[in-house]
Amino acid sequence: MTITEHDQDTTNDTDEPSLEASGRGQGTLPEWVRWAVAAASLAVGGLLVAFLWKVNIPFTVIVGALIYVVAIYLISRTVESQRHAVDRVVTGVVTTMFLLSLIPLISLVVTVVTKGAERFDAQFFTYSMRGVLGEGGGAYHAIMGTLVITGVTTLISVPIGIFAAIYLVEYGNKNAISRALTFFVDVMTGIPSIVAGLFAVALFTLFLGPGTRMGIIGAVALTVLMIPVVVKSTEEMLRLVPNELREASYALGVPKWLTISKVVLPTAIAGIATGVTLAIARVIGETAPLLVTVGTTDSTNLNPFDGRMQTLPVYAYYSYATPGIPREPYFARMWAAALTLMLIVMALNVIARLISKYFAPKTGR
Amino acid sequence: MSTSTQTREPAAAELTTGGRRFGDQIFRGLSTSAGLVILTALFLVAAFLLWQAWPALVADPADVRGGKGLVHYIAPLLVGTVMAALIALLTALPLSIGIALFISHYAPRRLASALGYLVDLLAAVPSVIFGLWGITVLGPGMIPVQGGLVDYLGWLPFFGGTSSPRSMLVTGLVLGIMILPIMTAVNREVFLQTPRLHEEASLALGATRWEMIKQAVFPFGKSGIISGAMLGLGRALGETMAVAIILSPSVRYTSVLNTSGNPGTIAADIALNFPESSGIDVNTLVASGLVLFFLTLVVNMFARWIVSRRSEFSGAN
Amino acid sequence: MSKQIDVKDLNIYYGDFLAVQDVSTTIAPRSITALIGPSGCGKSTFLRALNRMHEVIPGAKVKGSVELDGQDMYGRGVDPVLVRRKVGMVFQKPNPFPTMSIKENVLAGVKLNNKRIKKSEAEELVESSLKGANLWNEVKDRLDKPGSGLSGGQQQRLCIARTIAVKPEVVLMDEPCSALDPISTLAVEDLMAELKNDYTIVIVTHNMQQAARVSDKTGFFNIEGTGKPGKLVEYDETSKIFNNPSEKATEDYISGRFG
């Protein structure tokens with residue numbers, strides 16, 4: 001809900017005595033005052049910071065906010081009342097917190113975009129790092145590796161996740177298995193990604209001996225991270241399907257499995273697709289589990305069952321952690337990889353939004 | 001279904017299928033086995049980690065990395081993990097409450113949903129990118145701030161010595177920024193669920209907006225804030241890449257946060273050392289992973305417990 | 001088409017709780033039978049037991065028998081899915097499938113069961129079912145629009161069309177008009193009077209005037225108190241029930257002394 005200052009204060013516009021309990025302050029600050037105070041505070045804060053040190057946006061916001069809070073408190077206290085003054089201070093603090101939190105976000109986006117743009121070229125998307133030292137090279141192998149591993153992860157996770165959610169909603173009836181499943185899916189949501197990686201390594205050590213690195217091992221690790229997200233979102237969507245629709249279908253003499261597959265799932269499909277897309281977005285940026293399961297390589301390998309593969313996040317990490325000499329081309333490729341990764345994640349988020357917006361069941365005339 | 005004792009004629013063929021309907025059986029079987037696969041997988045996670053960690057648990061202390069035994073290897077890492085996560089929590093908790101309040105109760109409605117979306121987007125940024133940003137932008141940017149902390153707050157046990165851009169403080173701040181979106185999302189949901197009647201009752205009594213928030217929104221949202229904080233803490237404890245990239249670890253215990261003298265975290269230690277490890281070192285790292293697993297498990301279960309207690313109390317959910 | 005229902009010693013349980021006790025009655029084909037009674041007396045539960053829809057609720061079970069022209073629908077090996085194709089049901093709240101058009105809604109019983117049907121036959125079935133539900137003239141120009149875009153009364157008639165498209169013998173209606181306005185209610189009541197020529201109709205209603213208007217026979221369900229099972233107190237010609245009931249409880253209920 002939103003209550004504007006205006007709504008609350010109109011009652012005080014007349015000259016009649018205020019009915020408020022605190023009673024001391026009679027007037028009301030016009031709307032423009034706080035904007036004026038805010039602008040003045042920021043200006044003074046900015047000058048102060050620049051004069052004492054250097055031009056710095058985060059400090060300007062912090063110092064400006066401090067000045068604003070003190071100023072608006074004093075003004076409001078003389079014109080309005082102690083209670084309104086406190087209210088205005090809190091409004092200032094809350095708004096400052098919000099603005100402050102925008103700074104890292106903006107800084108992050110600006111950094112990644114400006115530094116990533118340098119090598120965001122055709123060569124980056126068409127060349128691998130095979131035989132490349134220093135300048136040149138690209139992340140073709142890493143991009144393809146990420147797509148392959150994420151694809152395999154999705155192929156494993158989505159059927160298991162959706163069927164498990166169907167079990168919870170349609171068959172479980174709160175029996176022991178479904179209660180255990182709900183609990184352990186919650187537990188799985190909290191598994192640190194590195195631990196999922198260790199699990200996959202341990203599992204494949206049993207079959208293939210220690211030290212094996214393979215795309216499929218990474219996919220299994222990511223599956224452990226992706227399944228709970230798919231189960232949770234699908235379960236939520238299935239529970240939103242009204243029971244009346246299931247009953248209507250049963251009453252037409254439709255068996256349960258056809259009711260689920262032809263009535264319940266189509267009704268919930270937009271929500272499920274949104275959830276799956278967001279789950280993909282979550283695992284596609286995972287680095288740590290791939291570091292310990294898939295390893296790294298300079299050449300293109302698209303076979304998840306045959307040795308090391310390169311992935312975008314790992315590519316970015318190793319470009320930073322073990323650059324060659326000179327370092328600059330490695331760092332440039334690292335930022336380009338980070339930019340690519342961020343664009344993929346953002347695109348997936350936007351797609352998820354669009355799916356839920358345009359493919360939801362139509363109810364209009 | 002029906003257990004009738006009377007004798008009855010065999011049911012007419014029109015209504016019987018002779019017990020077939022494969023579709024139903026297959027579908028039920030698929031769903032049930034999907035559930036069982038997940039339960040088995042989680043059991044296997046625990047079992048395999050124990051199996052791989054076991055050699056390190058029984059090994060001669062001299063063989064374990066560092067040469068002083070498993071406990072001496074994991075203990076500083078555990079301290080580092082908790083330290084970084086606590087700094088993150090202390091940073092993110094007040095900010096997430098403020099941002100959530102801004103979105104739920106202060107921003108104009110149309111702006112609010114866009115802002116909510118922005119926060120969700122922030123949650124999707126891969127951790128490796130946060131790490132790279134932290135080491136490139138925030139770390140250097142924090143040097144004068146850390147210097148100022150040493151100059152003016154040096155009497156506190158947390159600040160002193162030579163500041164490093166790869167300090168525990170910078171790491172914790174980046175982790176705080178990383179868990180901010182999830183905590184904000186939880187708080188925002190809880191604040192938006194505050195019963196309108198409570199809010200209106202408070203406003204009708206002449207409360208200012210802040211008084212209304214104190215009287216109606218915070219009491220209602222308290223357990224939600226706590227469980228959101230626990231979820232954020234769980235994330236921060238398990239976060240790997242950002243720490244691996246930013247923190248410059250050492251194996252000392254110190255309360256000073258602005259130097260490069262703090263121990264690393266379990267997750268980052270695994271990521272940094274696992275690719276080059278073999279033999280007993282792998283087992284040692286898996287053992288430390290197991291410790292991390294149980295730590296996050298406890299924190300997450302505590303969060304769930306608070307949530308479930310809340311839903312029992314409020315009839316709304 | 002249209003079959004007689006014989007109910008013998010029917011007891012319905014939810015878990016250990018006996019919801020309906022010892023109901024024995026005969027419902028004649030090509031007639032409308034109304035079931036009335038106060039809330040929670042088990043009339044809806046009884047209705048759902050007539051096509052085994054109660055089994056959707058976990059823990060619900062039945063003792064006794066319900067025969068459809070002599071075939072026990074609770075007999076060994078009976079598939080509830082096939083029972084429901086013979087005995088259709090219309091619900092309190094209109095519930096067209098939101099993902100389907102008007103046409104697809106009518107064909108739902110066929111399509112959802114993966115049955116192949118020729119295009120011409122499908123169109124015939126849509127037209128005859130919608131005409132049977134008195135809805136054809138209102139929707140014939142927008143058969144491909146979503147069913148959820150219709151008004152409440154139209155949606156309920158669409159649900160009836162969907163039910164009769166499966167060609168059942170019996171149509172059960174669970175308070176089909178309680179979510180509708182008076183004009184839509186009238187349309188549905190008129191429809192019932194026509195459907196009676198082809199189907200056995202059983203309707204649960206809270207509205208005693210409606211029972212008196214539309215039904216040939218009326219059954220009165222009652223409970224002695226909370227936690228006690230519901231019972232069929234009296235079952236007779238509708239005119240007899242409303243003018244000269246033989247039980248005191250029936251008279252008290254229809255004269256508005258309780259309920």
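A few comments on the model shown:
- Look at the alpha carbon pairs under 8 Å that are at least 6 residues apart: their mean separation over the length of segment C:200-259 gives a relative contact order of 25 percent.
- Most positive-pole-ward Cα, A:Ala50, C:Asn244, B:Asn300, against dipole of the protein assembly as shown from beta carbon charges: B:Asn300
- For the segment B:21-27, counting C-beta atoms of other chains within 10 Å of every residue's C-beta and taking the mean gives 5.
- Dipole of the protein assembly as shown [Lys/Arg +1, Asp/Glu -1 at C-beta], most positive-end residue of C:Leu180, A:Gly64, A:Leu265: A:Leu265
- Scaled against 2.2 N^0.38 Å for its residue count N, the alpha carbon radius of gyration of segment C:50-189 is 1.11.
- Of all beta bridges that DSSP places with both ends in chain C, some 60 percent have antiparallel geometry.
- Annotation for segment B:50-118: trypsin sites (Lys or Arg not before Pro) lying in DSSP loop with at most 16 further Cβ atoms inside 10 Å of their Cβ are B:Lys68.
- Using bins of 10 Å that start at zero, the share of Cα-Cα pairs per bin across segment B:214-317 amounts to 13, 31, 27, 17, 10, 2, in whole %.
- Shielding by partners for peptide A:95-103, expressed as the average number of C-beta atoms from other protein chains within 10 Å of each residue's C-beta, is 6.
- For segment A:126-358, accessible area per residue (1.4 Å probe, heavy atoms of protein chains only), Å²: 35
- 10 Å-binned pair-distance histogram of the protein assembly as shown (Cα, whole percent): 2, 10, 16, 18, 16, 14, 12, 8, 3, 1, 0
- Using a cutoff of 8 angstrom between alpha carbon atoms and counting only pairs six or more residues apart, the relative contact order for segment A:126-358 works out to 30 percent.
- Taking label points 7 Å from Cα along the Cα-to-Cβ direction, A:Trp53 and C:Asp144 give a separation of 6.6 nm.
- Packing around the peptides A:307-314, B:33-40, A:238-245, taken as the average count of other Cβ atoms within 10 Å per residue, puts them in this order, highest first: A:307-314, B:33-40, A:238-245.
- Dipole magnitude (debye, nearest 20) for the protein assembly as shown, charges at Cβ of Lys, Arg, Asp, Glu: 1180
- For chain C, the pair-distance distribution built from all alpha carbon pairs, in bins 5 Å wide starting at 0, is 1, 6, 13, 17, 18, 16, 13, 8, 4, 2, 0, 0 percent.
- Top of C:Gly88, C:Gly42, C:Gly59 by mean-square fluctuation, Gaussian network on chain C, Cα under 10 Å: C:Gly59
- For chain A, built as a Gaussian network whose Cα springs stay under 10 Å, the top-fluctuating residue of A:Ile351, A:Ile143, A:Ile272: A:Ile351
- Inter-site label distance for A:Arg327 and B:Phe43 at 7 Å from Cα along Cβ, in nm: 5.0
- Shape call, segment B:130-230: gyration tensor on alpha carbons, a/c limit 1.5: prolate
- The separation of segment A:215-235 from segment C:42-58, counted between C-alpha centres, amounts to 40 Å.
- The coefficient of translational diffusion for segment B:59-313, derived via Stokes-Einstein from the alpha carbon Kirkwood radius under 10 °C and 1.306 mPa s, stands at 80 µm²/s.
- Residues losing 20 Å² or more accessible surface upon assembly, segment B:42-61, compared with the chain by itself, 1.4 Å: B:Leu42, B:Val45, B:Phe48, B:Leu49, B:Trp51, B:Gln52
- Placing +1 on the Cβ of every Lys and Arg and -1 on the Cβ of every Asp and Glu, with no other charges, gives segment A:126-358 a dipole of roughly 200 debye about its Cα centre.
- Here the Gaussian network model covers chain A, with springs between Cα atoms less than 10 Å apart; of A:Pro192, A:Pro329, A:Pro228, A:Pro192 fluctuates the most.
- Chains A and B together bury roughly 7600 Å² of accessible surface, counting both sides and using a 1.4 Å probe on protein heavy atoms.
- Ordering A:Thr297, A:Met334, A:Tyr250 by the projection of their Cα atoms onto the charge dipole of chain A, which places +1 on the Cβ of Lys and Arg and -1 on the Cβ of Asp and Glu, puts A:Thr297 at the extreme positive end.
- Computed packing ranks the peptides A:248-256, B:148-156, A:122-130, B:218-226 as A:248-256, B:218-226, A:122-130, B:148-156, most packed first, by mean other Cβ atoms within 10 Å.
- Per-selection Rg to Rh, chain A - Cα, Kirkwood hydrodynamic radius: 1.12
- B:Tyr117/B:Lys222 FRET efficiency (R0 22 Å; Cβ-Cβ; nearest 0.05): 0.25
- In terms of accessible area, using a 1.4 Å probe and ignoring ligands and nucleic acids, A:His84, B:His72 rank largest first as B:His72, A:His84.
- With only the Cα atoms considered, segment B:79-146 has a convex hull volume of 123 Å³ per residue.
- Long hydrophobic helices in chain B: the complete DSSP H runs spanning 24 Å or more by Cα along their own axis with mean Kyte-Doolittle hydropathy of at least 1.6 are B:70-101, B:168-192.
- Protection-proxy order for peptides A:219-227, C:203-211, B:130-138, each taking the mean of Cβ atoms within 10 Å per residue, highest first: A:219-227, B:130-138, C:203-211
- Shielding by other protein chains, B:134-141, mean Cβ within 10 Å: 3
- Antiparallel DSSP beta bridges within the protein assembly as shown, as percent of all bridges there, nearest 5: 60
- Cβ-placed point charges (K, R +1; D, E -1), dipole of segment C:1-156 about Cα centre in debye, nearest 20: 300
- To the nearest ten degrees, helix A:312-321 and the longest principal axis of the Cα atoms of chain A are 80 degrees apart.
- Computed E for A:Met346/A:Ile103 - FRET, C-beta separation, R0 25 angstrom, nearest 0.05: 0.80
- Rounded FRET efficiency, nearest 0.05, which uses the C-beta distance separating A:Val132 from C:Ser151 and R0 of 56 Å: 0.25
The values are calculated or read from the model by the stated rules, or taken from the named source; none is laboratory data. Keep in mind that what you see is a predicted model, and the values were worked out from it rather than measured. Reconstructed Cβ throughout: ideal geometry from the backbone, glycine too, with neighbour counts over all protein chains shown. Just so you know, the surface numbers come from the protein's heavy atoms only, side chains and all, with ligands and any DNA or RNA stripped out. Shrake-Rupley method; radii C 1.70, N 1.55, O 1.52, S 1.80 Å.
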